[in-house]
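First up is the structure itself, then whatever we jot down about it.
Computed from the coordinates by the stated procedures, all read-outs in this text should not be read as laboratory data. Quick caveat, the model's predicted, so the values are computed rather than measured. Every residue, glycine among them, receives a Cβ derived from its backbone with ideal geometry; neighbour counts consider all protein chains shown.
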Amino acid sequence: MPNTSYPASYYAASATPTPERPPLASSVETDVCIIGAGYTGLSTGLFLAEQGFRVVVLEAARVGFGASGRNGGQIVNSYSRDIDSVERSVSANDAQLIGAMAFEGARIIRERVSRYHIDCDLKDGGVFAAFNDKQMRHLEAQRSLWNRYGYDQLELLDATGIRNVVASERYTGGMLDHGGGHIHPLNLALGEAAALESLGGTIYEQSPAIRIERSATPCVHTAAGRVTAKFVVVAGNAYLGDLVPELAAKSMPCGTQVIATEPLDDALAASLLPQDYCVEDCNYLLDYFRLSADKRLIYGGGVVYGARDPSDIEAIIRPKMLKTFPQLAAVKTEFAWTGNFLLTLSRLPQVGRIGDNIYYSQGCSGHGVTYTHLAGKVIAEALRGQAERFDAFAHLPHYPFPGGQRFSAPLSALGALYYSLRDKIGF
Ligand SMILES: Cc1cc2nc3c(=O)[nH]c(=O)nc-3n(C[C@H](O)[C@H](O)[C@H](O)COP(=O)(O)OP(=O)(O)OC[C@H]3O[C@@H](n4cnc5c(N)ncnc54)[C@H](O)[C@@H]3O)c2cc1C
């Protein structure tokens, strides 16, 4: 049997102790079989179990092994492309529904943390940091857009305002989202998994789904067992591989890298981020950073199209960190890791059904901590027969990547060039 452990991240090193769950080794029957124990799978499972469904989750490695246990931990509202892109892509009714849901994921996370007493270092407040006037104008437009959908938690920051929350000379201004925030991402996933199990759900680790037998009662096979269910939910995201061939062409796994410093002394930590907000900049290829509960700076950035693991992560990310915070030159990097998110061409999530009993949601393209929690609720609604909100997402159009996932090397160069040009000349 395979035995895949967590990558050597700061999160794995500080995870809530959790015993390994045994792999599936028999034939079981259930209402819903979920493939993947990241936020999408766990959020779906939790909403369903709360409503009395029997839920089995198959996880190829460990709970939160994928992006959900490795990410920047930033609770960012809305989607990787904002609601104005959605308005251009679907009907007015669907756009209204998707826009109205853009702030629900963050509320779901807070509600889950509170209801199930999940210890994941939740902190309020997220900052978008701008490098120039063009990005400030974009933030002003974003504030009006989010306001139009009823969201009033945004506060624009001028040059003095941004200095008061981030001790970096790089930014000309920014915007504070009081409804944003940050978490220890792996501990959130582990807490959600425990909550699901407390409601009777079962999670099998080290149990990759290797085949889905499609029928009126679909059956998901692993190496040593199988799960027969009324519904299957595919939640493997960037780690899914070729299990569902029709999903692969319209999405591409991409890597992004993160480092964590040694713990900073209290004065240095408080000088860098005095309000303990998380920060992401406004570039397309963006940097993101925050303090951990034990006062390390967690700094991420970089994109590897096609998700090949870079050999020296620190060499990629540390210079970015020092450009933002030269005052950290003497501070050691203690952890460096990479993780994969799933990119779509539109950067909007890829959602839908295969037949009438296999559901999927994936491809939130970099910002997925909030969306994946919302996705769980919307999939659970659809399985209960209330599919209006699910269908609004399912109507988002998606197009194949030229050459598909396997064309990753040339596309990587083109993609990186394209996005860095967008950052530099702002088109
Ligand atoms: C380094 C990094 C930093 C990020 N930072 C942020 C951030 O700060 N804020 C933000 O909003 N978003 C961020 N993201 C994106 C966010 O983490 C993801 O969008 C989100 O976690 C995706 O959750 P998921 O459950 O869909 O996928 P994942 O968390 O990747 O989970 C998929 C799971 O499915 C399992 N799986 C796959 N195939 C199979 C199979 N055949 N059988 C069984 N199991 C299978 C995998 O092992 C994995 O555990 C980041 C992503 C990365 C990689």
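Taking the Cα atoms of segment 297-354 alone, what are Rg (to one decimal) and Dmax (as a whole number) in Å?
Answer for segment 297-354, Rg first and Dmax second: 15.4, 53 Å.
Tell me the GluC sites (Glu not before Pro) within segment 7-89 that lie in a loop according to DSSP and have at most 15 other beta-carbon atoms within 10 Å. Don't skip to the end; give the middle numbers.
Working: sites: GLU20, GLU29, GLU50, GLU59, GLU87; in loops: GLU20, GLU59.
Listed in order of number, the matching sites are GLU20.
What ranking do ARG290, ARG115, ARG81, ARG308 get, fewest neighbouring Cβ atoms within 10 angstrom at the top?
Working: ARG290 26, ARG115 11, ARG81 18, ARG308 15.
Listing ARG290, ARG115, ARG81, ARG308 from fewest to most nearby Cβ atoms yields ARG115, ARG308, ARG81, ARG290.
Which FRET efficiency value, to the nearest 0.05, do you get for SER271 and SER27 by plugging their Cβ-Cβ distance into 1/(1 + (r/R0)^6) with R0 = 45 Å? Don't skip to the answer; put the middle values down first.
Working: r = 59 Å, r/R0 = 1.30.
Rounded to the nearest 0.05, the efficiency is 0.15.
Longer than 29 Å from Cα to Cα, which of LYS123/LYS323; LYS134/LYS320; LYS332/LYS377 are they? Say none if no pair is.
Working: LYS123/LYS323 25 Å; LYS134/LYS320 22 Å; LYS332/LYS377 41 Å.
Distance filter (> 29 Å) returns LYS332/LYS377.
Can you give me the angle between helix 39-50 and the longest principal axis of the chain, using Cα atoms only, in degrees from 0 to 90, rounded to the nearest 10?
Around 50 degrees separate the two axes.
Let me have the relative contact order for segment 10-410, percent, based on Cα pairs under 8 Å that are six or more residues apart. Kindly include the intermediate steps, with their values, before the conclusion.
Details: 913 pairs, mean separation 101.0, N = 401.
Dividing the mean separation by the residue count of segment 10-410 yields 25 percent.
Would you give the gap between the C-alpha center of segment 351-398 and the C-alpha center of segment 277-327, rounded to a whole Å?
30
Could you tell me how many degrees, from 0 to 90 and to the nearest 10, lie between the Cα long axis of helix 408-425 and the main elongation axis, the longest principal axis, of the Cα atoms of the chain?
Helix 408-425 and the main axis of the chain meet at about 40 degrees.
Report, in cubic angstrom per residue, the convex hull volume of the C-alpha atoms of segment 265-412.
Numbers: hull volume 23.1 nm³, N = 148.
Per residue, the Cα convex hull of segment 265-412 comes to 156 Å³.
Residue farthest toward the positive end of the dipole of the chain, with Cβ of Lys/Arg at +1 and Asp/Glu at -1: which of GLY366, ALA249, ALA129?
Toward the positive end, the furthest listed residue is ALA249.
Got a sec? How would SER68, SER311, SER78, SER14 order by Cβ neighbour count within 10 Å, fewest to most?
Details: SER68 29, SER311 7, SER78 24, SER14 17.
Exposure proxy ranking, most exposed first: SER311, SER14, SER78, SER68.
Could you list which residues have their amide H under 5 Å from that of ASP82, counting only those 5 or more apart in sequence or on another chain, with H placed in the peptide plane?
Those lying under 5 Å, H to H, from ASP82: there are none.
Quick check: residue separation of GLU140 and ALA92 times 0.36 nm, minus the Cα distance between them. What number comes out in nm?
Details: separation 48, 0.36 × 48 = 17.28 nm, distance 2.30 nm.
The span from GLU140 to ALA92 would gain 15.0 nm if fully extended.
FRET efficiency for ASP294 and ALA216, Cβ-Cβ distance as r, R0 = 45 Å, nearest 0.05?
Approximately 0.30, to the nearest 0.05.
Given the options TYR277, TYR299, TYR149, which has the most mean-square fluctuation in a GNM of the chain, springs set between C-alpha atoms less than 10 angstrom apart?
Of TYR277, TYR299, TYR149, the most mobile in the Gaussian network model is TYR149.
Run through all the Cα pairs of segment 10-410 and give the fraction in each 10 Å bin from 0, expressed as whole percent.
Histogram of Cα-Cα distances, whole percents per bin: 5, 24, 33, 26, 10, 2, 0.
Over the residues of segment 141-282, compute the C-alpha Rg and express it relative to 2.2 N^0.38 Å. Present the calculation step by step, with values, prior to reporting the outcome.
Details: Rg = 22.2 Å, N = 142, 2.2 N^0.38 = 14.5 Å.
The value comes to 1.53.
Using alpha-carbon pairs under 8 Å, 6+ residues apart, how would you state the relative contact order of segment 255-413 in percent? Let's see the in-between values first.
Details: 237 pairs, mean separation 36.3, N = 159.
With pairs under 8 Å counted, the relative contact order is 23 percent.
Between segment 20-62 and segment 99-133, how many Å separate their Cα centres?
After rounding, the separation between the Cα centres reads 24 Å.
Once you list every other residue whose beta carbon is under 11 Å from the beta carbon of GLY125, what net charge do they have if Lys and Arg are +1 and Asp and Glu are -1?
Working: positive: LYS123, ARG290; negative: ASP124, GLU155, ASP177, ASP276.
After counting each charged neighbour, the total is -2.
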